[in-house]
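Heads up, the thing below is written out as structure tokens.
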Amino acid sequence: MTRYLAERGTPPRQSLVADIPVALDDHGGTGNRITILQVRWPAGRRSRERLQDIVRETRELKGEVHAISGNALMLYSIVEHSVASLIESLNLRPLPMLANTVVSNPAGLNERVYFNGAPVELALPVSVVGHHQVLNVTITTYVDQLDVTFIALRDSDTRPARLADYTVTALDDLKRDLARRRRRVRPPNPAGGPDRTLTDA
């Protein structure tokens, strides 16, 4: 996302913020009950460090979710998105945004499914773009694959294909960063045997 915005001449001056749908345990019946909370995307630093920051913040967020009643969280989501809807309806663009985009990770499929006897090769969700936003990012799993889907408003200037390209680049950056980390951190060398990296171990 940082590369994409920089390419457009609008590099982020601070951390981006994502709306994250979170399932509530006390749903009180059938169906899904969710709230939508905000998580920062740290700017700068190495890919691995940014990912660690996101993991730490989402863990803290989950802890807060368990400490607050589901009704209070639902009310929070309703109020915040009502305000965003009002801003969009009145075209009040200069007002600050609560979040830049939606990033969701719905439950995937662990086993292969079939349609009229034919194996399904790809299963992607149909998501929506939030009020006062132009982009939705949805991550899903299907058997042994991970899929990232970008959904953008048709009349916006967003280019999902470019975001997909930069996602592949970011994954390569993360792999290289982790490889450098493994080379620096080596386990003890038992009995004078050959050195082994964490990957080999």
Query raised in the report: Which residue pairs have Cβ atoms closer than 9 Å, lie 6 or more positions apart in sequence or on different chains, and pair a first residue in region 148-167 that is without any contact (Cβ under 8 Å) to a residue 40 or more places away in the chain with a second residue that is in a helix (DSSP H, G or I) and of a type in the set (V, I, T)?
Result: V148/T167; F150/T167
Requested in this report: Examine region 130-145 for a residue that is surrounded by fewer than 12 Cβ atoms within 10 Å (Cβ to Cβ), of a type outside the set (D, E) and modelled with pLDDT under 90, and state whether such a residue exists.
Outcome: no
Query raised in the report: For the subset of region 158-188 comprising residues that are modelled with pLDDT of 85 or more and in a loop (DSSP other than H, G, I, E, B), which member is surrounded by the fewest Cβ atoms within 10 Å (Cβ to Cβ)?
Result: R159
Query raised in the report: Just a yes or no: is a residue in region 30-41 more than 20 Å from G130 (Cα to Cα) and at pLDDT below 80?
Result: yes
Report summary line: Only unsatisfied item for I87, checking (1) touching a Lys or Arg at 6+ places or on another chain (Cβ under 9 Å); (2) at pLDDT 80 or above; (3) β-branched (V, I, T), is (2)
Report summary line: Picked from region 146-157 (must be part of a loop (DSSP other than H, G, I, E, B) and acidic (D, E)), the residue modelled with the highest pLDDT is D157
Query raised in the report: When the residues of region 39-63 are filtered to those that are among the acidic types (D, E) and surrounded by 12 or more Cβ atoms within 10 Å (Cβ to Cβ), which remaining residue is farthest from A170 (Cα to Cα)?
Result: E57
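The values are calculated or read from the model by the stated rules, or taken from the named source; none is laboratory data. Note that the coordinates shown come from a computational prediction; the quantities given were computed from them, not determined experimentally. Here Cβ is always computed from backbone atoms with ideal geometry, including for glycine, and neighbour counts include all displayed protein chains.
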